[in-house]
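The values are calculated or read from the model by the stated rules, or taken from the named source; none is laboratory data. Keep in mind that this is a model prediction, so the values were computed, not measured. Backbone-built Cβ (ideal geometry, glycine too); neighbour counts: all protein chains shown.
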Amino acid sequence: MNVNDVPQESNRTLDGQRKGVYARRADGRLALVPSQGWEVEEIVTRQAVEAFEALAAAARERARRGESSPLEYHMYRARMDLSLLAQASGLWRWRVRRHLKPQGFARLSPVLRQRYAETLGITCAQLETLD
Amino acid sequence: MSSMLRHYGLPLSEPMAFGLSSALAFAYLPFIKLSGLPLVSWRMPPKAILRGLQKPLGFTMRTETFRTPEKGAARLNELLDAGQVVGLQASVFWLPFIPPDFRFHFNAHNLLAYGRDASNDDYLISDPVLETAVRCPAADLTRARFARGVLAPKGLLYYPANPPRAPEWKTALPAAIKKTTRIMLHTPVPLIGVKGMLWLARAVERLPVAADAQATKLHIGHLVRMQEEIGTGGGGFRFLYAAFLEEAASLAQRPALAELAAELVEIGDGWRAFALAAARMIRDRDPLDPARLAQCLRAQAARERTFFAALIRAVCE
């Protein structure tokens, strides 16, 4: 890649930051060149973010209808999935799966509620709600 | 890494630190899942990079992990107060200074703490992803260092136990390059090196097109993210290693390496072409065609096989 080919496509996922890319200068040596981002990176990053957003939105709808627990919504909102939430909270997957259902969630003890809230980086009160 | 060594009195460029530790690699590890998708890496794990620098630079890197966050935070404070610069492993998700779109649960992120503001407990951080130094509240950093899950950092911190010294370039460089070619060409496991690329190509080829296009798109998007967004330089670290070869050519007086660097830049461009092709398919600008991507991977594997074979010849002469 030559210096002039370093993409400067103001990738909005970078949030105004720049990242370094090694490219060939006019004298033929490689050097670190700041890049404002590449569209390809923006596409794949947004894709991954949007995948979680879609999962969260669907889970929220289900929770509104009473088919799922708010925990599922908060799990996807924290960009986690079942296995990661289980590992991060230190609970077994089957227990987490149970808590993703409304009945299981309703039976949660305050201690476990606290544990989930901490794992997800929110407060206990937030865990109960859908926003 | 490079800035850490500089602090301890050894000016070493980033490409040099990367190349000298034989950090370039390729690994396809389908049994390690990151949100359900396989781990693919274009370099060695961070710990291997730390270890790889010890021998050529003649120093010991002390690494510590902790049972509890309290102990980890206390030890970090102790080291920083003693004036050490400390490397840390942390999860990207809990670091407030990372752009929100990048915050995924990726635990193998490395950064450098070089001080502490006693008045409000902020840490002074230098992060390879960012151009400038930042501050990070103590609670957030501790949380990121003790994130659980795949590749959990367990509060890993590292610092040199004795000062590093300049290496014997004439022997250290060929040894490091040889090790990289060995990893790329002769690892007995088919998931590592050039063989790993072929294995990945086979897996990509088998992705469904009609049945579950969305999942396939997520999969190839994940590959591109692992390639372009982890670490510096892009092109799966190939440009970074090319810069190393260029530097090595003059230090070890082997001009052949500079020519090979030019070839590696072209291979890096090939990786970027792969990323571009994948991104176009994700956005439906081109029809989704995993077979074409697999072919692209196979072509890259063939080029890298020729390249590393030439590299070992150039070093052994």
For the structure I just gave you, tell me whether B:Leu37 is touching a His at 6+ places or on another chain (Cβ under 7 Å) and either surrounded by 16 or more Cβ atoms within 10 Å (Cβ to Cβ) or of a type in the set (Gly, Ala, Ser) (or both).
yes
For the stretch B:104-113, indicate whether the set of residues that are more than 23 Å from the chain's Cα centre (by Cα), more than 14 Å from every other protein chain (Cβ to nearest Cβ) and either surrounded by 18 or more Cβ atoms within 10 Å (Cβ to Cβ) or at pLDDT 90 or above (or both) is non-empty.
no
B:Gln253 - would you say it is in a helix (DSSP H, G or I) and either of a type in the set (S, T, N, Q) or without any contact (Cβ under 8 Å) to a residue 60 or more places away in the chain (or both)?
no
Extreme residue, surrounded by the most Cβ atoms within 10 Å (Cβ to Cβ), among residues of the stretch A:54-105 that are outside any helix (DSSP H, G or I) and in contact with a Phe, Trp or Tyr (Cβ under 7 Å, 6 or more places away or on another chain)
A:Ser69
Top-ranked residue in the stretch B:203-217 [being part of a helix (DSSP H, G or I) and surrounded by 19 or more Cβ atoms within 10 Å (Cβ to Cβ); ranked as farthest from the other protein chains (Cβ to nearest Cβ)]:
B:Val204
Out of the residues in the stretch B:218-235 that are within 14 Å of B:Ala27 (Cβ to Cβ) and of a type in the set (A, V, I, L, M, F, W, C), state the one that is surrounded by the fewest Cβ atoms within 10 Å (Cβ to Cβ).
B:Ile230
Checking B:Gly193 against (1) buried (at least 24 other Cβ atoms within 10 Å of the Cβ); (2) within 9 Å of chain A (Cβ to nearest Cβ): exactly one of these is not met. Which one?
(2)
Please work out if A:Val44 is touching an Asp or Glu at 6+ places or on another chain (Cβ under 8 Å), of a type outside the set (S, T, N, Q) and either more than 18 Å from B:Arg103 (Cβ to Cβ) or not in a helix (DSSP H, G or I) (or both).
no
Residue set B:Pro255, B:Pro290; condition over 25 Å from the mean Cα position of the chain (by Cα), farther than 21 Å from B:Leu218 by Cβ and away from chain A (no Cβ under 12 Å); output residue B:Pro255
Which pairs do you get when a residue that is in the same structural domain as B:Ser119 (by TED's automatic domain parsing) and loosely packed, with under 15 Cβ neighbours inside 10 Å, found in the stretch B:69-81, comes within reach of a residue that is among the charged types (D, E, K, R) and not in a helix (DSSP H, G or I), reach meaning Cβ atoms under 9 angstrom, with the pair 6+ apart or on two chains?
B:Asp81/B:Arg116
Tally of residues being surrounded by fewer than 17 Cβ atoms within 10 Å (Cβ to Cβ) and more than 25 Å from the chain's Cα centre (by Cα) across the stretch B:117-126
5
Identity of the residue in the stretch A:7-58, of a type in the set (S, T, N, Q) and touching a residue at least 24 places away in the same chain (Cβ under 8 Å), that ends up nearest to the other protein chains (Cβ to nearest Cβ)
A:Thr13
